[in-house]
Amino acid sequence: MLQRKILNNYFLRNQSAGSFNSSFFKSSQSAGNYDVKEFCKTLDVKKRQAIEHELRRLRREGDENIAMHARSSVTVKPSNTQLRIAFIHNAVPFIGFGFLDNFVMLIAGDYFEATLGVYFHISVLAAAGLGNTLSDVVGIFFGGYIELVADRMGLPAPKFSAQEADSTHARVARNSGQAFGIVLGCLLGMCPLLFLDTSKHTREKPMETEENDCQKTSVADKISQTEDNKV
């Protein structure tokens, strides 16, 4: 509608001056009976630039009016009950996400370290990285099921109005619930550490230290024997 009004006014001004003549603009036609695309094709470069400049100016004025209206609107704080509901509603799914992520990462990382680590001599950190990659892939496939289970738990959803949902308090409640859920889920997902044998990573270090000490001692003995023979 805005473009049609501008084009109609532009046509009327040029028609009065005798500078514009078109076969599909007639006095008996209404403002909505013409094709804007065909009209733009008949314009030269200067007329197109003039119309584009006017459209940009009106668009800037519309954006300014919207910004002024947004600043003048009163921020509504949701009730504490709705904020708690939003916190819990956002925390529960992320508990499942965090649990699945850490659980799969530890199981897969230990398996990769015991298999690929032996054959390809990869480090523990590399095995953990591969396990994290696998856990992310599993999260992509099972993320929808976690959300579905969380919805079927019957937890109440927050009832925010449009202004309340856009308020700072509502955003803080949602983000805090998600952060709390992911932290709690990751801590619960560390349960494989209770039955995984993690002492094998620490037993190898003393053995390596003893072997290094023996090698150093044998080298020192050889050096002392060489010096004795020279003497």
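The values are calculated or read from the model by the stated rules, or taken from the named source; none is laboratory data. Computed from a prediction, not measured in an experiment: that's the story for all the values here. Glycine also receives a Cβ, built like all others from the backbone with ideal geometry; neighbour counts cover every protein chain displayed.
Tabulated values for the structure
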{"item": "Single residue of the stretch 131-168 satisfying the filter (surrounded by fewer than 17 Cβ atoms within 10 Å (Cβ to Cβ) and in contact with a Ser or Thr (Cβ under 9 Å, 6 or more places away or on another chain)) that is modelled with the highest pLDDT", "result": "Thr168"}
{"item": "Boolean, Val172 is in the same structural domain as Ala86 (by TED's automatic domain parsing) and either in contact with a Leu (Cβ under 7 Å, 6 or more places away or on another chain) or of a type in the set (S, T, N, Q) (or both)", "result": "no"}
{"item": "The listed residue being out of contact with any Pro (no Cβ under 6 Å at 6 or more places or on another chain), within 29 Å of Leu196 (Cα to Cα), surrounded by 14 or more Cβ atoms within 10 Å (Cβ to Cβ) and touching a residue at least 12 places away in the same chain (Cβ under 8 Å), out of Leu83, Leu100, Leu106", "result": "Leu100"}
{"item": "Verdict on Thr115 being at pLDDT 90 or above, hydroxyl-bearing (Ser, Thr, Tyr), under 30 Å from Gly143 (Cα atoms) and in a helix (DSSP H, G or I)", "result": "no"}
{"item": "Of all residues in the stretch 21-80 being within 30 Å of Ala170 (Cα to Cα), of a type in the set (Gly, Ala, Ser) and not in a loop (DSSP other than H, G, I, E, B), the one that is modelled with the highest pLDDT", "result": "Gly62"}
{"item": "Residues of the stretch 110-130 satisfying the condition of being surrounded by 20 or more Cβ atoms within 10 Å (Cβ to Cβ) and either under 25 Å from the mean Cα position of the chain (by Cα) or of a type in the set (D, E, K, R) (or both)", "result": "Asp110, Glu113"}
{"item": "Some residue of the stretch 132-149 being in a helix (DSSP H, G or I), touching a residue at least 24 places away in the same chain (Cβ under 8 Å), under 30 Å from Asn80 (Cα atoms) and over 21 Å from the mean Cα position of the chain (by Cα)", "result": "yes"}
{"item": "Filtered residues of the stretch 87-131 (kept if farther than 15 Å from Glu147 by Cα and of a type in the set (Gly, Ala, Ser))", "result": "Ala108, Gly109, Ala114, Gly117, Ser123, Ala126, Ala127, Ala128, Gly129, Gly131"}
